[in-house]
Amino acid sequence: MSGASLARSRVLAYGLLGFPLAFAALPIYVHVPKLYADALGMPLALVGGVLLGARVLDAVADPLIGWVSDRFASRRRVVAVGLVPLAAGVIALLRPPAEAGAMWLLLALTLAYAGYSVANINYQAWGARMAPTPRDRTRVVASREGFGLAGVVLAAALPAWLAGEMAAGLAQLALVFVPVVLVAAAVTLRFGGDDAVVPSQAGPRLLATVLRRPDFGRLLLVFAVGGIAAAVPATTVLFFVDDVIGADAQAGVFLALYFVAGGLSLPLWVALAHRLGKVRAWLAGMAVSMLAFAWAAGLGAGDTLAFALICVASGMALGADLALPPAILADQLAHGADGDGACFGWWNFVTKANLALAAGVSLPLLALLGYSPGARDPDALTALAWVYAGVPVGLKAVAALLLWRWRNQMGALR
């Protein structure tokens, strides 16, 4: 087994930039639709159409951004470049003029998405190469994702603290984001570790070449199936809390438990990966997730304590999903093949596609099974419970079986 050799201060300095990246992502994905539909009075169908177009373009662009990024010698500089349009896009999105319409929304989204993708893909690729040992790669990823979860929790809570009305709170949140990203970027870019890479001169065929690598293809497939399993409950959880548990007022508490448990579990998964190996630790995380959601499928009205415990357990499983798959990818890249940016471009594409597929499949499935928000019919609530909890168990089981089958063919190191 390889011991840790990367200084803790360097690991933390690298991970700090994950905080503002997640801090920006939450309002962009969660609050922007309601802000433009409610506060600015844009038709909901128009807002949805603009969001769909921008998100499709964003996801498709990620592999191309990764390929282009591989042609530069410094990840650090590319990250810095990407943060500029991200900050500008966040301000434009959350502080729109009163007359802002669909074109403003589209341009602001494009600016924010492009900046986020450029910064995040290169930030991930930088982390994959900076760690000298397999254990350090897990520590680096866990640091990044831990700071990211803290950013999500704070961004979720701040708008209500900053102003009594959500639109005003989001406008203040945009102003808070600027110094946050400046400070985090200064620390990470100055103290975050080595970022030197050998520029790749490979053409666009590199995007297809990396997909044909057997170990990367296997990992990406398991990551995709497991990611959809996690995205389905993320899409349906508020319906489940409201109509099955009957605890709409406590939804924020449940979400906070989920994310905080995910962050606090990261050191556990780092230690478990060192002891058992990353693949077996990831399998353990999948088992925790399946047990939690199997329990959730049987809950009913008033089961708030049980659901709180399920949020903690599924949050711990989230920690495994966040820390271990990217660390396995970092192990693969450490073997010497080029195309780090291209790999992380595909990685981000799959992450975004998972969210789209989860919404595109689970919500129509609920409608087909007779559920609509506010339903009280027992059959409709049973359908909601099985989509929220049963579908993730099935998908996670498929991911676990694939991971077990390929457990010695993932290129993972302890």
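Checked against the criterion of being modelled with pLDDT of 90 or more and surrounded by fewer than 22 Cβ atoms within 10 Å (Cβ to Cβ), the candidates Ala397, Ala359, Ala389, Ala375 yield just one match: Ala397.
Just to verify a result, which residue in region 39-55, among those that are of a type in the set (Gly, Ala, Ser) and more than 23 Å from the chain's Cα centre (by Cα), is surrounded by the most Cβ atoms within 10 Å (Cβ to Cβ)? Spell out how you get there, then give the answer.
Step one: list which residues in region 39-55 are of a type in the set (Gly, Ala, Ser), which gives 39, 41, 45, 48-49, 53-54.
Checking the rest, the ones that are also more than 23 Å from the chain's Cα centre (by Cα) come to 39, 41, 45.
Working: Ala39: 17, Gly41: 9, Ala45: 9.
Within region 39-55, the match that is surrounded by the most Cβ atoms within 10 Å (Cβ to Cβ) is Ala39.
Could you give every pair whose Cβ atoms fall below 6 Å, whose first residue belongs to region 247-263 and is touching a residue at least 12 places away in the same chain (Cβ under 8 Å), and whose second residue is polar (S, T, N, Q) and surrounded by 15 or more Cβ atoms within 10 Å (Cβ to Cβ), counting only separations of at least 6 or pairs across chains? Once the first residue is touching a residue at least 12 places away in the same chain (Cβ under 8 Å) and sits in region 247-263, its partners that are polar (S, T, N, Q) and surrounded by 15 or more Cβ atoms within 10 Å (Cβ to Cβ) give Ala247/Thr304.
Under 28 Å from Leu35 (Cα atoms) and surrounded by 18 or more Cβ atoms within 10 Å (Cβ to Cβ) - does that describe any residue in region 211-227?
Going residue by residue through region 211-227, those that are under 28 Å from Leu35 (Cα atoms) are 227.
Still in the list and also surrounded by 18 or more Cβ atoms within 10 Å (Cβ to Cβ): 227.
Yes, region 211-227 contains at least one residue that is under 28 Å from Leu35 (Cα atoms) and surrounded by 18 or more Cβ atoms within 10 Å (Cβ to Cβ).
Kindly provide the set of residues from region 334-362 that are free of Cβ contacts under 8 Å to residues at least 60 places away in the same chain and closer than 28 Å to Ile28 by Cβ, ordered by number.
Answer for region 334-362, where residues must be free of Cβ contacts under 8 Å to residues at least 60 places away in the same chain and closer than 28 Å to Ile28 by Cβ: just Gly360.
Screening region 267-278 for residues that are assigned to a helix (DSSP H, G or I) and touching a residue at least 24 places away in the same chain (Cβ under 8 Å) and picking the one that is surrounded by the fewest Cβ atoms within 10 Å (Cβ to Cβ) gives Pro267. From the list Leu365, Leu403, the lone residue that is without any contact (Cβ under 8 Å) to a residue 40 or more places away in the chain and either buried (at least 16 other Cβ atoms within 10 Å of the Cβ) or not assigned by TED's automatic domain parsing to the domain that holds Leu291 (or both) is Leu365. The set of residues from region 56-72 being surrounded by 21 or more Cβ atoms within 10 Å (Cβ to Cβ) and more than 20 Å from the chain's Cα centre (by Cα) comprises Trp67, Ser69, Asp70. Here Ala185 meets the list (1) modelled with pLDDT under 95; (2) over 22 Å from Ala334 (Cβ atoms) almost entirely, failing just condition (1).
Taking the stated definitions as given, is Trp295 in the same structural domain as Ala389 (by TED's automatic domain parsing), more than 18 Å from Ala142 (Cβ to Cβ) and at pLDDT 95 or above?
Working: in the same structural domain as Ala389 (by TED's automatic domain parsing): yes; more than 18 Å from Ala142 (Cβ to Cβ): yes; at pLDDT 95 or above: yes.
The answer is yes for Trp295.
Among the candidates Val260, Val237, Val253, the residue that is of a type in the set (Val, Ile, Thr) and at pLDDT 90 or above is uniquely Val260. The helices (runs of 4 or more DSSP H) found entirely in region 1-115 that carry 2 or more residues being hydroxyl-bearing (Ser, Thr, Tyr) are 8-15.
The values are calculated or read from the model by the stated rules, or taken from the named source; none is laboratory data. None of these values were measured; they are calculated from a predicted model. For neighbour counting, all protein chains shown are included, and Cβ atoms are generated from backbone atoms with ideal geometry for every residue, glycine included.
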